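Taking it in order: structure first as structure tokens, then the write-up.
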Amino acid sequence: MATASTQAWSFGDGRFSFTAPLGQAPTVGTPVVVTMPDGRDLLGQVGRTVLAEGQGSVTADVRDVQILGDGELVASLAGSGPLTEPFAGGQVATAPAPALRSWLESRLGTTARLDLGTARPATLGPVQLAAAGFTRHTFLCGQSGSGKTYTLGLLIEQLLLRTDLKVIVIDPNSDYVHVAEIDREGLTEDERRRADALPDRVKVFRHHGVNRLRIRYGRLPLDQQALALELDPIEDAELYDSLRRVTQGMADTEYSLRDLRARLDPLEEPARGLALRIDNLAAADWSVWAEADDTPLVDQLPPDWRGAILDIGELPHPRERSAVVASVLSALWEWRHRREPVLVVIDEAHNVCPAKPADRAQALAIEHAVRIAAEGRKYGLYLFLSTQRPDRLHPEVLAQCENLVLMKVNSAAAIDLLAQTFSHVPRRMIELAPTFTIGQGLVAGRLSPLPMLFSSGRRRSAQGGADVPATWAETASAASSVDATS
């Protein structure tokens, strides 16, 4: 299976080393078959390659250049023996696609498979993810233009088409508002049935439209009600106590902030100070508050809902966006004892749960995100965070992520942070991120039995957000041609 001109050996520590001619040496991340001297085959993955000692001469014939590499032994193929047996005089070669696929199939087991795309190199075949891997928190990272948004949309589609997992997407740029509008070409019968049901079971909540982003002020916990008014229980003790007393006197929880404000008019101090605060902050005018004729977003979900897309980018103020996120995460935590599995997708996560909050409302959203990251998994609450700035994400949230989907990243500091956080992923594979082109990436963790390099596959729904056309960069002749045909 391997080429005679390669040499492989192991000290019995679960790792292997090899030398190979430049033209035959497998590259970093490549799955390989390591053949022991007695003919037994082991599956491994290359983690590092360098020029062998003395191979740096510019006058050397390229055919004579030798590569020195090492990597991790992953499995014994066909039950061929332990990984901790030392040997020398073995051989190494890129794993044949059938052998790799057979092993991956055995490791994926009965879990639903999600089609991510094609392996790199493409000769290794398709890359399928284990849907059950999303029971661990997932982190997707890629700079602008890397294909991060496209790939995230693809994975959301696959989850909707191939699992029963409920998905909530916090969407700051309207990128996933069409995720239920699936192109049915090539779908299986089961996928087609699921796709047909999605328009009724996936709701898109927007600032304006049929399903509106509205939350009921009276249903919020007292601490979140206070944060909307920028009240601190210590610094603003009298006003905070006044708010507590007034809310306790309301008939039920179906009141708006306007209703609460009206109750303050006949009252003495400090209630009048609370009324003045509401007026000066114009807090009752927030567009997200559900008034008497509005239906809160949680009440707009059908009993058999599969998805909720929260298009928060249309909201006019950052504090309103933070209030919606905090309200949703708080509600999920309150419902945790239902043990109903829900995946919470947070795009541009560095703006939703940053290391340093911009205001108190965002601080509360961060608090809920940290709690779900630390404790949510045992209640069926899973996070899928996407960002281009891992350094700005709250470190306690990032540290709880086990799955990594990494796309093009040029920042050396970001790569170093990811290598430290995801220490179970070969560092040299993470360091490949600057070399990725659009749509290329690395997936590792519980999602994939083996860290895999991939090229994203086909997305079946239209991406909602779009870049501004670069027509300003066209030549004068091209612009004249466009004008002539329009």
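The values are calculated or read from the model by the stated rules, or taken from the named source; none is laboratory data. No experiment lies behind these values; they were computed from the predicted model shown. Backbone-built Cβ (ideal geometry, glycine too); neighbour counts: all protein chains shown. All accessible areas refer to the heavy atoms of the entire protein, side chains included, with ligands and DNA or RNA removed. Shrake-Rupley method; radii C 1.70, N 1.55, O 1.52, S 1.80 Å.
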Some residue of the stretch 419-426 being more than 18 Å from the chain's Cα centre (by Cα), modelled with pLDDT of 95 or more and open to solvent by less than 10 Å² (accessible area, probe 1.4 Å): no
Qualifying residue in the stretch 363-376 (condition: small (Gly, Ala, Ser), on the phi < 0 side of the Ramachandran plot and open to solvent by 10 Å² or more (accessible area, probe 1.4 Å)): yes
Answer from Gln45, Gln66 - the residue that is modelled with pLDDT of 95 or more and either out of contact with any helix residue (DSSP H, G or I) (no Cβ under 8 Å at 6 or more places or on another chain) or under 24 Å from Arg428 (Cβ atoms) (or both): Gln45
Exclusive hit being closer than 26 Å to Ala197 by Cβ, touching a strand residue (DSSP E or B) at 6+ places or on another chain (Cβ under 9 Å) and aliphatic (A, V, I, L, M), set Leu140, Leu124, Leu155: Leu155
Every pair of residues 6+ apart whose Cβ atoms lie under 9 Å, when the first sits in the stretch 289-305 and is closer than 14 Å to His207 by Cα and at pLDDT 95 or above while the second is open to solvent by 70 Å² or more (accessible area, probe 1.4 Å) and assigned to a loop (DSSP other than H, G, I, E, B): none
Residues of the stretch 207-229 that turn out to be open to solvent by less than 70 Å² (accessible area, probe 1.4 Å) and either under 19 Å from Arg459 (Cα atoms) or touching a residue at least 60 places away in the same chain (Cβ under 8 Å) (or both), as a count: 13
The listed residue being of a type in the set (S, T, N, Q), surrounded by fewer than 23 Cβ atoms within 10 Å (Cβ to Cβ), at pLDDT 95 or above and within 15 Å of Val345 (Cβ to Cβ), out of Thr138, Thr163: Thr163
Test result for Pro434, in a helix (DSSP H, G or I), farther than 20 Å from Asp347 by Cβ and in contact (Cβ under 8 Å) with a residue 24 or more places away in the chain: yes
Matching residues, the stretch 303-357, being part of a strand (DSSP E or B) and either open to solvent by 60 Å² or more (accessible area, probe 1.4 Å) or charged (D, E, K, R) (or both): Asp311
Residue in the stretch 333-343 that is of a type in the set (A, V, I, L, M) and modelled with pLDDT of 95 or more present: yes
Leading residue by the ranking (most open to solvent (accessible area, probe 1.4 Å)) among those in the stretch 246-291 that are of a type in the set (Asp, Glu) and closer than 20 Å to Val325 by Cα: Asp285
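Tell me, which residue of the stretch 2-23 that is in a loop (DSSP other than H, G, I, E, B) and touching a residue at least 60 places away in the same chain (Cβ under 8 Å) is surrounded by the most Cβ atoms within 10 Å (Cβ to Cβ)?
Thr6
Please tell me if Leu83 is closer than 24 Å to Glu431 by Cα, of a type in the set (A, V, I, L, M), surrounded by fewer than 21 Cβ atoms within 10 Å (Cβ to Cβ) and at pLDDT below 95.
no
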The stretch 292-302 - residue that is outside any helix (DSSP H, G or I) and either in contact with a strand residue (DSSP E or B) (Cβ under 9 Å, 6 or more places away or on another chain) or open to solvent by less than 50 Å² (accessible area, probe 1.4 Å) (or both) and, of those, farthest from Arg258 (Cα to Cα): Pro302
Residues being over 18 Å from the mean Cα position of the chain (by Cα) and open to solvent by less than 20 Å² (accessible area, probe 1.4 Å) - total across the stretch 96-124: 5
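Looking at Gly125, is it of a type outside the set (Ser, Thr, Tyr) and at pLDDT 95 or above?
Details: of a type outside the set (Ser, Thr, Tyr): yes; at pLDDT 95 or above: no.
So Gly125 does not fit the description; no.
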Qualifying residues in the stretch 230-245 (those that are of a type outside the set (A, V, I, L, M) and outside any loop (DSSP other than H, G, I, E, B)) - the one surrounded by the most Cβ atoms within 10 Å (Cβ to Cβ): Ser242
Residue list for the stretch 440-466, restricted to those being within 15 Å of the chain's Cα centre (by Cα) and more than 22 Å from Leu417 (Cα to Cα): Ser456
